[in-house]
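Written out below as structure tokens is the structure these notes cover.
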Amino acid sequence: MDEITSVLSSVGDISVITRQSAFSFKSRIVEVRKVGRELGARFVVTGAIRQSGSRVRISVQLNSAITGANLWSQRYDEELKDLFDLQDKIASHVAGAISPSIRASEIAAARAVAPMNRKAYELYMSAFPHFWAHRREENERAIELLTSAVNKDPNDFRAKALRAWAYAQQATYLWSETPLRSREYAQSDAEAAILSSGDHAPSLVAIAAALSMTGLEHERSGVLLERALVLDPNSAWGWLRMGWNQIYHMRDIHDGLAAFDKAEALSPLDPFRFNIQFGRAYSSRCIWLEKRA
């Protein structure tokens, strides 16, 4: 579980309690909600390892520390050839699966709060389903919610970063009667968010997406994406945007294709899977044209 804890610690939207505190519950049968109360945690990840000969079975589950409900579980049956490779593989898979599950739970909790009572973070989380819907009216609703979040907390760089991406979609897909103004809004939000985003990988990805979709700053976007993926190597959106940035920048198309494959492997049911497929199709065509030239 050390490797899983380490990988989860790199995810920008997840604050992981130190393993020393968590280990106080080792070998004890304790109700999940009690663990949450004692550690001040909203979610609890538990796991077990069994070995038989050269095979190992690892089971992992994610529970809400508030309700005790199981949010996600998975069992891995693997051949124990290289312990370190196996640790890295399982940790990556678990982080890739747990992050969306936690986000979905946070979104549900935010939407359960009456709209007039939502705080900036709850408004930010409430915007995601509309942002993912990839339709003009839904994207506009995401912008409205994110604007409300910024109005409640002008220093909320996460809301500004995601709004920059939403404005970039509005401009790129011509979901606005004034796409040039949407482009200006996207770049303005991106520049404002970058000043405070620090090491928040999801915001760095959103900022990079906004800049690359609305301008020619692919070099700068690439730097932001590289930084985001160092912070969170299991960010499916980071790999998705890295793939497109390779295409925009006309660098190694094979690297772009590999980035799309990585994104889909990390999040096979991602809301942006269509964008992964488009990117892979475009990359494959570019490679085919290279071979014919």
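Numbers below:
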| item | result |
| --- | --- |
| Exclusive hit being touching a helix residue (DSSP H, G or I) at 6+ places or on another chain (Cβ under 7 Å), crowded, with 19+ Cβ neighbours inside 10 Å, of a type in the set (D, E, K, R) and more than 20 Å from H130 (Cα to Cα), set D232, D199, D189, D156 | D232 |
| Count - residues of segment 98-119 that are surrounded by 19 or more Cβ atoms within 10 Å (Cβ to Cβ) and either among the charged types (D, E, K, R) or at pLDDT 95 or above (or both) | 2 |
| Given (1) at pLDDT 95 or above; (2) within 19 Å of S212 (Cβ to Cβ); (3) over 19 Å from the mean Cα position of the chain (by Cα); (4) among the hydrophobic types (A, V, I, L, M, F, W, C), number of the condition A168 does not satisfy | (3) |
| Verdict on R273 being over 18 Å from F128 (Cα atoms), surrounded by fewer than 24 Cβ atoms within 10 Å (Cβ to Cβ), out of contact with any strand residue (DSSP E or B) (no Cβ under 8 Å at 6 or more places or on another chain) and assigned by TED's automatic domain parsing to the domain that holds Y173 | no |
| Residues satisfying the stated conditions in segment 238-272, i.e. aromatic (F, W, Y) and over 19 Å from K89 (Cβ atoms) | W244, Y248, F260, F272 |
| Residue within segment 51-72 that is out of contact with any strand residue (DSSP E or B) (no Cβ under 9 Å at 6 or more places or on another chain) and not in a loop (DSSP other than H, G, I, E, B) present | yes |
| Any pair with Cβ under 6 angstrom, 6 or more apart, that starts in segment 213-235 at a residue that is under 23 Å from T172 (Cα atoms) and in the same structural domain as P202 (by TED's automatic domain parsing) and ends at one that is of a type in the set (S, T, Y) and surrounded by fewer than 19 Cβ atoms within 10 Å (Cβ to Cβ) | M213/T172; H218/Y248 |
| Subset tally (residues that are at pLDDT below 95, more than 26 Å from I287 (Cβ to Cβ) and among the hydrophobic types (A, V, I, L, M, F, W, C)) for segment 199-227 | 1 |
| Residue list for segment 206-226, filter: touching a Leu at 6+ places or on another chain (Cβ under 8 Å) and buried (at least 24 other Cβ atoms within 10 Å of the Cβ) | A206, I207, A208, L211, S221, L224, L225 |
| Checking G198 against (1) within 13 Å of the chain's Cα centre (by Cα); (2) closer than 18 Å to R158 by Cα, the condition it does not meet | (1) |
| Close pairs from segment 172-201: first over 18 Å from N139 (Cβ atoms), partner part of a loop (DSSP other than H, G, I, E, B) and of a type outside the set (S, T, N, Q), Cβ under 6 Å, at least 6 apart | H200/G12; A201/G12; A201/D232 |
| Options L162, L123, L146: the member that is of a type outside the set (S, T, Y), without any contact (Cβ under 8 Å) to a residue 24 or more places away in the chain and closer than 24 Å to E106 by Cβ | L146 |
| Residue check for G198: on the phi > 0 side of the Ramachandran plot and in the same structural domain as R285 (by TED's automatic domain parsing) | yes |
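Condition check ((1) in contact with a helix residue (DSSP H, G or I) (Cβ under 8 Å, 6 or more places away or on another chain); (2) not in a helix (DSSP H, G or I)) across all residues:
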site	(1), (2)
E78	yes, yes
A91	yes, no
V94	yes, no
A110	yes, no
F131	yes, no
E137	no, no
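The values are calculated or read from the model by the stated rules, or taken from the named source; none is laboratory data. Everything quoted here is computed from the prediction, not taken from an experiment. Cβ: placed from backbone, ideal geometry, glycine included. Neighbour counts: every protein chain shown.
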